[in-house]
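S.K.: Pasting a structure here, questions to come.
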Amino acid sequence: ASKTARDITELKAAETALQDTRERLAIATKANGIAVWDWNPLTDELIVDDTMFELYGRRREDFASVREAWNSSIHPDDLEHSNAALRDAIKGVKPLDTRFRIVTPNGETRYIRTRAKVFFDAIGVATHVLGTNYDCTE
């Protein structure tokens, strides 16, 4: 076999293994009611999985943006606290590990715990935040 054929075979095997890992992670998080989110603080792009909308009792299509869905779901008394915790995390002050309340469209209040890892570039600028949310109401 040529080196090119071997390289392509190895690449395909790595892609398959990565896809398998992604699928296992998705199954595990969904089964446990854990929502996964990914935020780029430089562009303010926020990506969430479908479990996030289920957790918040919302539908993705009801919002112009994920940011709108997030902010409209958090209990008004907890919005500043949750945003401050995120700001502290991206400044490197402390890890993001906090709780806040959300209000579902039917008026139910749920307590959400969020944990995240912040990724920084070589000069200490936050470039990426990867986190989870889960219902800790009980």
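The values are calculated or read from the model by the stated rules, or taken from the named source; none is laboratory data. Only a predicted model underlies this, so the values are computations on that prediction, with no experimental measurement involved. Note that each Cβ is placed from the backbone with ideal geometry, even for glycine, and that neighbours are counted across all protein chains shown. To get the accessible areas, we keep the full protein, side chains included, count just its heavy atoms, and leave off ligands, DNA and RNA. Shrake-Rupley method; radii C 1.70, N 1.55, O 1.52, S 1.80 Å.
S.K.: Give the range 105-128 a look and list any residue that's assigned to a strand (DSSP E or B) and of a type outside the set (D, E, K, R), or say none.
M.R.: Once the filter is applied, which keeps residues that are assigned to a strand (DSSP E or B) and of a type outside the set (D, E, K, R), the range 105-128 yields Thr109, Tyr111, Ile112, Thr114, Ala116, Val118, Phe119, Phe120, Ala126, Thr127, His128.
S.K.: I'm trying to understand the selection: among the residues of the range 71-93, which are of a type outside the set (Gly, Ala, Ser), touching a strand residue (DSSP E or B) at 6+ places or on another chain (Cβ under 9 Å) and more than 20 Å from Phe119 (Cβ to Cβ)?
M.R.: Ile74, His75, Pro76, Asp77, Asp78, Leu79, His81, listed by residue number.
S.K.: A further question follows. When the residues of the range 12-40 are filtered to those that are small (Gly, Ala, Ser) and within 23 Å of Arg113 (Cβ to Cβ), which remaining residue is modelled with the highest pLDDT?
M.R.: The selected residue is Ala35.
S.K.: Could you count how many residues in the range 105-138 are surrounded by 15 or more Cβ atoms within 10 Å (Cβ to Cβ) and small (Gly, Ala, Ser)?
M.R.: Summing the residues that are surrounded by 15 or more Cβ atoms within 10 Å (Cβ to Cβ) and small (Gly, Ala, Ser) in the range 105-138 gives 3.
S.K.: Select the helices (runs of 4 or more DSSP H) contained entirely in the range 6-104, then report the ones holding at least 1 residues which are open to solvent by 40 Å² or more (accessible area, probe 1.4 Å), β-branched (Val, Ile, Thr) and in contact (Cβ under 8 Å) with a residue 40 or more places away in the chain.
M.R.: 79-90
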